[in-house]
Amino acid sequence: MKKINLIVLLFIGLVFVSCDKDFDELNQNPNNPTSVPSELLLGNMLRATGDVMYSTFNGGDMGACWAQHFAKVQYNDEERYIPRESAIGNVWAVLYESVAADAKVMYNLAVTEDNEISQGVALTMQAYAFLLLTDLYGDIPFTEALQGADNISPVYDSQQTVYNGCLSLLDEAMAKLNPANGELNSSQDIVYGGDVSKWKKFAASLKFRALMRISAVDARASEMQALVNSGLLFASSDDEAKLVYLSSAPNANPIYESVVFGTRNEWKINSAVVERMDGTLGFPIDNRLPVVAQPNEDDVYRGKPSGIQDVPSVEYSYANVSALGEFYLRPELPAVFLSYTELQFLLAEAAKKSYISGGDAAAAAYYQAGIASSFADNEVSMGTYYSGAVAYTSASALEQIATQKWLALYSQGFEAWIEWRRTGYPNLTPAIDGAFNEIPSRLTYPVIEQSLNAANYNAAVSNLPGGDKLTSPVWWMN
């Protein structure tokens with residue numbers, strides 16, 4: 001009997017050992033994996049970036065209105081430099097949590113996968129998010145950012161530190177973004193459809209834009225020339241980084257979703273744009289005007305100047321101010337991260353300033369290419385536009401380049417405002433009835449930072465001329 005019991009116990013033990021041996025494998029749910037492929041984070045990251053930039057309450061109110069592309073005939077506090085704290089906080093939160101943080105997670109997953117392509121894409125998007133954050137706010141958490149519960153009070157780094165770090169991220173990204181290193185899931189890459197070579201061009205072109213942005217305080221001509229010589233910059237509009245939206249809400253461009261789907265028609269064309277397109281200020285008649293605006297009730301193109309507290313009014317109403325052009329109200333309107341058109345104007349400026357070779361001849365060629373590309377973007381003929389006040393002139397080239405870039409960046413609210421802050425062209429008049437008589441230079445920090453990260457917030461504010469105000473210039477403006 002004892003022998004039989006011993007055999008039974010041994011048999012039971014073997015059964016339990018065998019079951020335990022395969023327990024983990026048998027109990028894994030294939031529909032609920034413990035980790036995800038790094039590429040699966042990309043689509044949401046790209047969508048979050050486009051949405052936060054093109055939201056009418058972000059890039060519209062605090063970008064396109066301040067760059068004087070858009071104007072409002074109602075609910076125009078933001079246009080008068082009284083932004084909503086919720087919008088300021090939203091931009092900060094999305095760029096940190098849904099872009100930079102997810103890019104870091106994507107990178108870490110890609111390292112475990114030994115996937116250098118995903119690593120390069122993640123580094124590019126992390127740099128993009130941090131560059132946009134620092135351009136909007138100034139000093140920001142960078143070296144100690146994205147550490148979660150391990151550090152809930154990160155220090156604010158200087159813009160110079162952030163830029164140096166982002167330039168290094170882009171260098172590392174370009175080194176990894178070699179098609180020979182692997183592939184990228186085309187279904188998750190909603191910008192380039194898995195084309196690794198174009199991601200590399202995006203990283204290189206983004207680096208060139210970053211170098212130009214800081215050029216007034218930290219000119220790096222040799223690095224700019226190296227990028228030109230590399231052949232990695234955008235070669236045509238086919239290379240540019242843009243997210244094409246779908247044809248219906250909630251997957252349409254945010255401008256369409258607010259103005260058309262949401263029937264919020266208060267966003268109109270600014271008179272600063274119309275006057276530079278209809279011949280009023282001496283520029284040639286611009287075929288892009290019927291694209292960027294619609295005729296008003298009197299069948300003419302009429303903009304509204306920025307500001308004016310009491311609207312709608314008899315003078316500026318929903319009917320007598322031109323609406324945004326139907327082309328820019330399409331649900332499929334792309335969210336442009338960086339365009340070939342903008343790059344041509346940056347190259348023109350770089351050549352004019354002798355950061356890259358070629359002098360006036362190269363500057364004029366890039367400048368004309370940028371104008372031609374903008375007209376192509378708007379699907380209209382340039383005709384005889386390149387003449388008179390628009391034709392390249394050495395003495396006024398920098399103003400010409402910046403003004404044409406400003407026109408070409410129409411609807412790209414944050415980028416248009418950031419570049420206007422850098423160049424100061426065209427000459428824009430501050431908003432009528434504005435909270436102050438100066439176009440804002442930055443966004444203020446989110447109020448929540450004053451309680452959650454008070455010591456580091458206060459240290460950052462002490463480095464701002466004038467404190468945490470919309471009018472305090474950021475480092476590269478000095």
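The values are calculated or read from the model by the stated rules, or taken from the named source; none is laboratory data. All figures in this text were calculated on a predicted structure; none of them were measured in a lab. Backbone-built Cβ (ideal geometry, glycine too); neighbour counts: all protein chains shown.
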| field | helices (runs of 4 or more DSSP H) enclosed by region 98-190 - at least 2 residues per element that are within 16 Å of the chain's Cα centre (by Cα) and within 21 Å of GLN450 (Cα to Cα) | value | 116-137
| Would you pick out the residues in region 75-105 that are surrounded by fewer than 20 Cβ atoms within 10 Å (Cβ to Cβ) and at positive phi? | TYR75
| Looking only at residues in region 160-179 that are crowded, with 23+ Cβ neighbours inside 10 Å and of a type outside the set (A, V, I, L, M, F, W, C), which one is nearest to GLY194 (Cα to Cα)? | LYS176
| field | Of residues in region 313-330 being buried (at least 18 other Cβ atoms within 10 Å of the Cβ) and not aromatic (Phe, Trp, Tyr), the one farthest from the chain's Cα centre (by Cα) | value | ASN320
| task | Considering each residue of region 68-115, count those that are touching a Cys at 6+ places or on another chain (Cβ under 7 Å) and among the basic types (Lys, Arg), and give that number. | result | 1
| query | Only one of (1) touching a strand residue (DSSP E or B) at 6+ places or on another chain (Cβ under 7 Å); (2) within 19 Å of GLU116 (Cβ to Cβ) fails for LYS200. Which number is that? | reply | (1)
| task | Assess whether GLU85 counts as being at pLDDT 95 or above, touching a Ser or Thr at 6+ places or on another chain (Cβ under 8 Å), of a type outside the set (A, V, I, L, M) and under 30 Å from VAL311 (Cα atoms). | result | no
| message | Checking the conditions here, which among SER197, SER222 is of a type in the set (Ser, Thr, Tyr), over 23 Å from the mean Cα position of the chain (by Cα), surrounded by fewer than 21 Cβ atoms within 10 Å (Cβ to Cβ) and assigned to a helix (DSSP H, G or I)? | response | SER222
| field | Residues being polar (S, T, N, Q), over 15 Å from LEU133 (Cβ atoms) and in contact (Cβ under 8 Å) with a residue 60 or more places away in the chain - total across region 429-455 | value | 1
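Matching residues to (1) over 30 Å from SER271 (Cβ atoms); (2) in a loop (DSSP other than H, G, I, E, B):
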| site | (1), (2) |
| --- | --- |
| ASN437 | no, yes |
| THR444 | no, yes |
| ASN456 | yes, no |
| ALA459 | yes, no |
| ASP468 | yes, yes |
| PRO473 | no, yes |
| TRP476 | no, no |
| said: Just the residues that are touching a Lys or Arg at 6+ places or on another chain (Cβ under 8 Å) and part of a helix (DSSP H, G or I), please, taken from region 360-382. | reply: ASP360, ALA363, GLY370, SER374, PHE375
